[in-house]
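J.: Right, I'll just put the structure down here and ask away after.
The values are calculated or read from the model by the stated rules, or taken from the named source; none is laboratory data. Since the structure is predicted, the reported quantities are computational estimates derived from the model, not experimental observations. When we count neighbours, we look across all protein chains shown, and the Cβ atoms used for this are built from the backbone with ideal geometry, even at glycine. Keep in mind that these areas ignore ligands, DNA and RNA; they rest on the heavy atoms of the full protein, side chains included. Shrake-Rupley method; radii C 1.70, N 1.55, O 1.52, S 1.80 Å.
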Amino acid sequence: MTPRSLFEKVWADHTVRQLANGQTQLLIGTHLIHEVTSPQAFGMLRDLGLKVAMPHRTFATVDHIVPTDQRTEPFSDPLADEMIKALKKNCAEHGITYFDLNSGRQGIVHMVGPEQGITQPGTTIACGDSHTSTHGAFGAIAFGIGTSQVRDVLATQTISLSPMKVRRINVTGRLRPGVYAKDVILHLIRTLGVNGGTGYAYEYGGEVFDRFSMEERMTVCNMSIEGGARAGYVNPDETTFAYLKDRPYAPQGAAWDEAVARWRAVASDPGCHYDDVVTLRGEDIPPTVTWGINPGQGIGIDENIPAPQAAGSADERTAIEEALAYMKLPGGAPIKGTRIDVAFLGSCTNARLSDFKEVAAYLKGRKVAPGIKAIAVPGSQLVSAVCAELGIDRVFREAGFEWREAGCSMCLAMNPDKLVGDQICASSSNRNFKGRQGSPTGRTLLMSPVMVAAAAVTGAVADAREVFAVN
Amino acid sequence: MALAKIITISGRGVVVPGNDIDTDRIIPARFLKCVTFDGLAAGLFADDRKAAGGGHPLDDPRHQGAAILISGANFGCGSSREHAPQAIRKAGFRAVVAEGYAEIFFGNATNIGLPCVSAARADLQRVGQAVAADPALSVTVDLAAMQLRFGGNAVPLTMRDSARDALVNGRWDAIGELLEGLPQVAAVAGRLPYVSAPA
Ligand code: SF4
């Protein structure tokens, strides 16, 4: 048989039929929903008089709007309260599993799926959220959909979609000390551009990915969409299986062994066709920080902020000028030393146990610089519980961080956590768009969690390797 | 479900300049606090418009009532919020002409019957100049001829075949066809243990 990529195999396994528009009717085996993009879909379903086709394959939680300081209903924001009530009611009415605030399993939807073992290799996963690509870390084809497609999945467990091309991305060798998964993806987006991945699913591999934990793989897959790729995945291996074993929704007993055999077989075959191949050397990747208004506008911590004069094209010049004007940063100056107002450690990119553990190891005995507001927001209740058990929350509090309950929080600031005015925020999240963190003039610098901690304790963008003597 | 065949759209145009215009700009997150899409028009480019202090093209009285939104490359990048194309449509636009689109945005727009066609940069500049010179100029997006026509000019448009086909044949909302496939869906689901096994 011709060697096939994981993408081709999963696509074939889930193809229902060709539609008249030339697209594929694709089975979505796992559907995740949250409070922001689902209420309209349930409304459409009601308008059309349709039922949920496979309620046992949709899972719900609350993350986007849920406050991270107040945890009892009704929430002080009446609109948020209404949306959360709507989700609860819709789930109850249609028999959908809902991990609510009392479940102990609530969190950012892209953390809940893996933690519960719902996210599995060889599956298709859709959610009304573009960071659904996160689940690709397990060797799933996972992507974000719009609300009308949420309706389609609820009503038919399928959507109409065209296949993607596959770009293999190899990261060879090793990362240098103080360089993290977040730097790998920021560097990659900087290299390939914010729309470099349009039309592609990214298959990440190479020694760096082989060694990565599941949490690191998730960080990279999470931001595939920031590079324009709707999906990104890593072939499943022993690391994947070890993570999933004994999770609540993972197969048990004999079914586990059968599942592992299937999962092994779904990985890309040696010699399969890729539409494109890109190779980076792990050693070449620096700790990376964004200076602009899209995630591709990143530089190594030792580099200078680009100056418009140095632009290679008229387009690039305009882009740099627009970004510098918004960011109020001087072109040509070092990014290192840029004063910050806020430090945010959270989001579906970097709010997992390993992120907090790593930062806590460096934060012990240090203090957040005077005048800096620092917030740490675990991505899920489970992470929050383990952090409490290990005393990690205490390390953060003693350092001067506010330690919050699980949710999206200041990643998109739909809850009360927001930047004020043109505050500048060192953030472990994934988007630095204008106004993203809740203030129309707020400014975001994306970086790894350890770099956020370095910025928090020094009050300015800093090289974490120097601040924390990493070597 | 009988859906409208979307073949030609004519109306006045307005240019919102820039590349990589993301969905957080098209509709800032605070406007997503809603359980229906009604009322989204108020949030369209809200922060950009506020920052422009009345000087944003969408607030220019000469462009009121425009039906065709003209922009740059990688339009609609960022989040998957369908609120973005919904807000554009609720604000009265019936087509978008740009150099290119982010994928999820493009799919979401197509699914709600909002055509997103692509044109070459030089042609976008021409139509932009023509619209600026005469805001009342009628601009036509013709999905049959794949042309953009304005003031005696005709320039080529491109669009993914499947989307064009879906729009001109009134199949842009896939739900009807997807429902017809339900018996086959059950068969495919039955072959996949993670779908068929009770959770
Ligand atoms: S953490 Fe941010 S990016 Fe992730 S799902 Fe929540 S809002 Fe979206």
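J.: Gap in Å between the Cα centre of the stretch A:272-302 and the Cα centre of the stretch A:303-319?
T.: 18
J.: Also, I was wondering about something else. Sort out for me the Cα centre separation of the stretch A:98-129 from the stretch A:445-467, rounded to whole Å.
T.: With the stretch A:98-129 and the stretch A:445-467 each reduced to a Cα centre, they are spaced 30 Å.
J.: Grab the beta carbon distance between A:Ala12 and A:Gln309, set R0 = 41 Å, and tell me the FRET efficiency rounded to 0.05.
T.: Taking R0 as 41 Å, the efficiency between A:Ala12 and A:Gln309 is 0.20.
J.: Between A:Asp81 and A:Asp69, what length comes free when the chain is fully extended (0.36 nm per residue of separation minus the Cα-Cα distance, one decimal in nm)?
T.: On the way: separation 12, 0.36 × 12 = 4.32 nm, distance 1.43 nm.
Working it through step by step, the gained length comes to 2.9 nm.
J.: Order A:Arg4, A:Arg281 by their accessible area, 1.4 angstrom probe, all chains in place, largest first.
T.: In descending accessible area the options line up as A:Arg281, A:Arg4.
J.: Among B:Asn153, B:Leu114, B:Pro17, whose Cα lies farthest out toward the positive end of the dipole of the stretch B:8-172, if unit charges sit on the beta carbon of Lys, Arg (+1) and Asp, Glu (-1)?
T.: Of the listed residues, the answer is B:Leu114.
J.: Can you give the accessible area buried between chains A and B, summed over both chains, with a 1.4 Å probe, in Å² to the nearest 100?
T.: Protein heavy atoms only, the A-B interface buries about 5000 Å².
J.: Something else now. Gain in length, A:Arg281 to A:Glu402, computed as 0.36 nm per residue apart minus the alpha-carbon separation, to one decimal in nm?
T.: Full extension of this stretch gives 39.8 nm more.
J.: In nm, give the distance between the simple-model label positions of B:Met146 and B:Ala52, each being 7 Å from the Cα along the Cα-to-Cβ direction.
T.: 3.1
J.: Can you list which of the DSSP-assigned H helices in chain A have a Cα extent of 18 Å or more along the long axis and an average Kyte-Doolittle score of at least 1.0?
T.: Within chain A not a single helix satisfies the rule.
J.: I need the calculated FRET efficiency for the pair B:Ile7 and A:Lys165, taking r as the beta carbon distance and R₀ as 41 Å, to the nearest 0.05.
T.: My answer for the efficiency is 0.85.
J.: Work out how much length A:His56 to A:Thr172 would gain on full extension: take 0.36 nm times their residue separation and subtract the Cα-Cα distance, in nm to one decimal.
T.: 37.7 nm
J.: Follow-up. Accessible area, 1.4 Å probe, largest first: how do A:Lys182, A:Lys245 sort?
T.: Largest accessible area first, the residues go A:Lys245, A:Lys182.
J.: Show which lysines lie in cross-link reach of A:Lys328 when reach means a straight Cα distance below 23 angstrom and same-chain residues fewer than eight apart are skipped.
T.: Cross-link targets: A:Lys336, A:Lys373, A:Lys418, A:Lys434, B:Lys50.
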